[in-house]
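Single-structure report; data block below.
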Amino acid sequence: MVFGQDYESKNEKTNFPQDTSYSKVIENNNNAYVSATFGNGVAYGGDLTGDKAMKWRPFELRFGKGINIPAFISDKLFLNNKKFRFDFIHNNEGHPDNNHRDGFGAQIVYRNQLNRKLNVELGVGPYFSMNTTTIKGVEINDLKLGALLSAAALVDLERFSPGLHMRYALNHVTMPGAHSSVALLVGVGKYFDQAPLNIQLGSSGNPVWLGVSGGISQTNHGGSEGVPGFSVEAKKYYGSHWGASIAGIMEGDDDVRVDRKGVAIQGWFVQPLNESWAASAGIGPYVATNQRGSDNFQLHGLITLQVERFITNKWKGLASFSRVATFAEENDRDLFRIGVMRQFGT
């Protein structure tokens, strides 16, 4: 299910920053992918009690990039006509009683086209999860590393848009030291054939992007309400798909547990989808103080999934979801942001 699109004839219309190397950054096999699915499932194993159903809360967001398998491997494994992809994922496992687990994962995905209308996929990879649960009367944010296995059938909807399809997926989570889960998810996905290889084509000088964003911060504990927060950020891109950023973050005060602010540094993988849109994933350290805690500087982790749209060559809008992981079993936070960035320099 790979659909060609004549982007090369539209160079003058693209919103991506341009340079003289643009004709070299379109490749026939540079396929990008995005999907969104939701459904229901069940948790099992571990020390679960009560209702194990996910209550129609599970969902998954993913984006990825087509990758090439070395010829000496594909020949030996008879994979010459198969497609592989590397995906970044946010997976939410719904709300079984006393468990609200979600997290971020990465998968190597194998795809096989059965016929013109149907593809099947199998993906596997690590899954870093965060579970808000109460153990012995204490509510904690339980962080663990496990595995996410996905199988999916992709049914062609190309009559509506090239690369569009229904996605019917089965996700299985295995988590050492905790419960497992299985969920059936349904939604839509889209392949972007001949996606731009490089998001940062503005100039050989590699300009800096500066931006501001604002939104809601939600502490992952009962009794805490979402509160306004905002960020300021500087970002640079390197090579075809990579970036680095530094951000000042004010998460906001929930009047109960968290009034945190600090500085985060993240490395980014950026995947252009077409001439206007891109998806990215960032991870890095976050040094911050919580005025409702010890008020000392503490080291946390920050994981972000983000979608961007170029408005002009100099401006772009963004929407992001970030998780602050404290690694202290308390006061993890979700940050939902929308914002704008502007390019400075040439």
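Quick note: the coordinates plus some simple rules give every number you see, no bench work behind them. All figures in this text were calculated on a predicted structure; none of them were measured in a lab. Note that each Cβ is placed from the backbone with ideal geometry, even for glycine, and that neighbours are counted across all protein chains shown.
Sequence-distant or interchain residues sharing an amide H contact under 5 Å with W242, placed H: which?
Sorted by chain and number, the residues that satisfy this are V270.
Using 7 Å Cα-to-Cβ label points, what is the S276/I311 separation (nm, one decimal)?
1.4 nm
Going by amide H atoms built from the backbone, whose H comes under 5 Å of the H on H100, apart from near neighbours?
HN-HN under 5 Å from H100: T132.
Select one label from (1) 61, 48, 38; (2) 59, 51, 41; (3) 67, 39, 36: the one whose number is Cα extents along the principal axes in Å as derived from the coordinates shown.
The listed entry that was calculated here is (1).
Let's see if you can work this out: charge +1 on each Lys and Arg Cβ, -1 on each Asp and Glu Cβ, no other charges. What is the dipole magnitude of the stretch 208-344 about its Cα centre, in debye to the nearest 20?
I would put it at about 680 debye.
Give the separation of the Cα centroids, the stretch 215-252 to the stretch 152-183, in Å.
When both Cα centres are located, 28 Å separates them.
Residue by residue through the stretch 279-292, which ³J(HN,Hα) values in whole Hz follow from phi under the Karplus form 6.51 cos²θ - 1.76 cosθ + 1.60 (θ = phi - 60°), with glycine and proline marked x?
10, 8, 10, x, 8, x, x, 9, 9, 8, 10, 10, 5, 9
Given points 7 Å out from each Cα along the Cα-Cβ axis, report the V263 to N296 separation in nanometres with one decimal.
2.0 nm
Below 8 Å, C-alpha to C-alpha, sequence gap of six or more: please give me the relative contact order for the chain in percent.
Across the chain, relative contact order equals 16 percent.
Got a sec to turn the phi values of the stretch 105-111 into Karplus ³J(HN,Hα) couplings, 6.51 cos²θ - 1.76 cosθ + 1.60 with θ = phi - 60°, whole Hz, x for Gly and Pro?
Once θ is set to phi - 60°, the couplings for the stretch 105-111 become x, 9, 9, 8, 10, 9, 10 Hz.
Output the pairs from K65/K316; K117/K144; K65/K236; K144/K261; K117/K314 with a Cα-Cα distance over 28 Å in this structure; if there are none, say none.
Pairs exceeding the cut-off: K117/K144; K117/K314.
Ranked highest first by average number of other Cβ atoms within 10 Å, how do 276-283, 125-132, 107-114 line up?
So the order, starting with the most tightly packed, is 276-283, 125-132, 107-114.
Please list, in order along the stretch 261-269, the HN-Hα scalar couplings obtained from phi with the Karplus expression 6.51 cos²θ - 1.76 cosθ + 1.60 (θ = phi - 60°), rounded to whole Hz, x for Gly and Pro.
Whole-Hz 3J(HN,Hα) from phi for the stretch 261-269: 8, x, 10, 10, 10, 10, x, 10, 9.
Quick check: net charge around K136, other residues with Cβ under 14 Å of its Cβ, Lys/Arg +1 and Asp/Glu -1? Mind dumping the intermediate values first?
Working: positive: none; negative: D47, E139, D142, E329.
Charge balance near K136 sits at -4.
In terms of Cα to Cα distance under 14 Å, which aspartates and glutamates are near enough to K83, apart from those fewer than 8 places away along the same chain?
Leaving aside aspartates and glutamates fewer than 8 places away in the same chain, those within reach of K83 are D75, E121, D193.
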